[in-house]
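Down below is the structure, laid out as structure tokens.
The values are calculated or read from the model by the stated rules, or taken from the named source; none is laboratory data. Keep in mind that this is a model prediction, so the values were computed, not measured. Here the Cβ is made from the backbone with ideal geometry for all residues, glycine too, and neighbour counts use every protein chain on show. Note: accessible area is taken over every heavy atom of the protein model, side chains too, but ligands, DNA and RNA are not part of it. Shrake-Rupley method; radii C 1.70, N 1.55, O 1.52, S 1.80 Å.
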Amino acid sequence: MDTIILADWLSARLDRSATEPMYRQVLELMQQAILTGQLAPGTKLPSSRTLATDLGIARNTVLHVYDQLTAEGYVTSTTGSGTYVADTAPRDGVAGKKARAEETKAPCTISRRGERLIAQAGVSPKQWGAFMPGVPDVAEFPARTWSRLQARLWKRASPELLTYAPGGGYRPLRRALSDYLRVARSVKCHPDQIIITTGIHQSIDLAMRLLTDFGDRAWVEEPCYWGVRSVLQSSGLTLVPIPVDDEGLNPAARDMAEPPRIALVTPSHQYPLGMVMSLARRRALLEFARQHKVWIIEDDYDSEFRYGSRPLSSLQGLDDAGQVIYVGSLGKMLYPGLRMGYMVVPDNLVDSFRTGVAELYREGQLMQQAVLTEFILDGHLTSHVRRMRGLYGERRELLINAIRARFGDSLPVRGDEAGLHFVLDLPDFADDRTIAATALSAGVVTRPLDNYYLNRLAARKGLMLGYACVPNDQIAPQFARLAGVVEQALSSVTSKPAVTPIESAMTK
Ligand SMILES: Cc1ncc(COP(=O)(O)O)c(C=O)c1O
């Protein structure tokens, strides 16, 4: 392109009615022309005065464009001799002609583990409303109290609160959390053992990076939370699904014959099915871990919300050998977007974990951590959790009543003693994945149990229903919409001609 054509080429592309400033438009067009080779290396650009006149724009605008192009290396200019397009095309050589030819055939793509992560991703575009599992009622969060505490702290914000967090997080918060965990969850800990993270995902990611090597075996409950499964798989671990029964994790002799490096469990409220790991199984798991040097990760994600009895003691509280790493989250007690969680690590790991968390994630958010400390010390956490437990208990009951009224005992509910969700069992012939997809298009979020199994052929059929973030008066009408989808799906299966599936489900 010669210089006269440059003015024509730009003129044809400038949008003089656009809100985007003329300077930006000319700059981006010229960068594009240089990168694509339309303005070849060595081409002399017109003087700023000429180009400004040809385009009918201010000369200053062109001068700014030329300055910016010079600063970014697109052109070179020498006083007196003019402005020339710089030669920035990659040279042949290591990344030469051949490599570039290959690239045009097969565009760069993500790695195999990246592909796997994306293919198995379970995250939903909708994070709120009926019947999103695992989400608390964020509208009930005591925002005024939080903002008052926050404003007070910002008024005397010391530099230490605005820097990166020292490994492990804000010490007063670690002290407050260790007091809370000792009393509320029977966790054996002192403040130094607490590491503040951005939530359970990060706690587990950190533990995997520090405690496992690529290819190590990891026991996961079958079924288990897909998010944590993704973290483990991305760390290059080999996942071994271990079935759960009414007493929790139930490894077979052949599983025990090949001890894993780590075992990830949800003993207080199995996710997603909801059973509690029995004391006998807890003791057996701890003994197995001690003998075979297995790390146990105890994911205690929502056990503050237990209806009808006090929260159960943690597995970590029974551990005398320092094999358990306890991880918890403030996302369900406060609000998920807070992204704050904690881990309790055995004494001999404290230094490594403090260094690891600072090294890998360069933690910050000390101001938020300070606000949370005041929130806990002033008693707001306890009273908020108590109030929410009452509210979620009502919602849980309303949803169970709506299910009973529509389906009687034909579609049982499981895992409803704790947490923010339960499972609505479906008959074996049901396609829970399709039902959840149809419900979503009708505006109701549910998760099919199928999502949580590594071996989908062994999956029970059911829907996870979260009730915590649904206002009381919305529960019955929203469930009616879902029930319509479920009924329609079950009755349309025609594999049993003598008795319709819905009849057979209902007479079970
Ligand atoms: C079993 C389980 N573990 C961990 C998490 C995630 O915790 P966080 O938000 O703290 O990363 C969830 C979220 O729903 C969960 O269900």
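Structure summary
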| quantity | calculated |
| --- | --- |
| Residue check, D431 assigned by TED's automatic domain parsing to the domain that holds Q193 and in contact (Cβ under 8 Å) with a residue 12 or more places away in the chain | no |
| Residues of segment 128-178 satisfying the condition of being under 29 Å from G227 (Cα atoms), in a helix (DSSP H, G or I) and β-branched (V, I, T) | V138 |
| Residues within segment 419-446 that are within 22 Å of the chain's Cα centre (by Cα), closer than 16 Å to P272 by Cβ and either open to solvent by 70 Å² or more (accessible area, probe 1.4 Å) or hydrophobic (A, V, I, L, M, F, W, C) (or both), tallied | 6 |
| Hey, P311 touching a strand residue (DSSP E or B) at 6+ places or on another chain (Cβ under 9 Å) and either open to solvent by 20 Å² or more (accessible area, probe 1.4 Å) or without any contact (Cβ under 8 Å) to a residue 12 or more places away in the chain (or both) or not | yes |
| Test result for P107, more than 30 Å from R387 (Cα to Cα), outside the structural domain of G317 (by TED's automatic domain parsing) and open to solvent by 60 Å² or more (accessible area, probe 1.4 Å) | yes |
| Test result for R354, modelled with pLDDT under 95 and within 22 Å of H201 (Cβ to Cβ) | no |
| In segment 256-277, the residues that are farther than 30 Å from S309 by Cα and either outside the structural domain of R306 (by TED's automatic domain parsing) or not basic (K, R) (or both) | M256, A257, E258, P259, P260, I262 |
| Residues located in segment 462-476, provided they are assigned to a helix (DSSP H, G or I) and of a type in the set (G, A, S) | A476 |
| Matching helices (runs of 4 or more DSSP H) fully within segment 196-283 where at least 1 residues are crowded, with 17+ Cβ neighbours inside 10 Å and among the hydroxyl-bearing types (S, T, Y) | 200-211, 226-234 |
| Positions within segment 302-331 being modelled with pLDDT of 95 or more and within 17 Å of the chain's Cα centre (by Cα), in sequence order | V327, G328, S329, L330, G331 |
| Test: residue in segment 163-177 that is away from the ligand (no atom under 14 Å from the Cβ), within 30 Å of V423 (Cα to Cα), open to solvent by less than 10 Å² (accessible area, probe 1.4 Å) and touching a Leu at 6+ places or on another chain (Cβ under 6 Å) | no |
| Any chance R389 is within 25 Å of the chain's Cα centre (by Cα), of a type in the set (D, E, K, R), at pLDDT 95 or above and in the same structural domain as A476 (by TED's automatic domain parsing) | yes |
| Contacts under 6 angstrom Cβ, first residue in segment 1-19 being under 16 Å from V65 (Cα atoms), partner open to solvent by 70 Å² or more (accessible area, probe 1.4 Å) and modelled with pLDDT of 90 or more, 6 or more apart | A7/D54 |
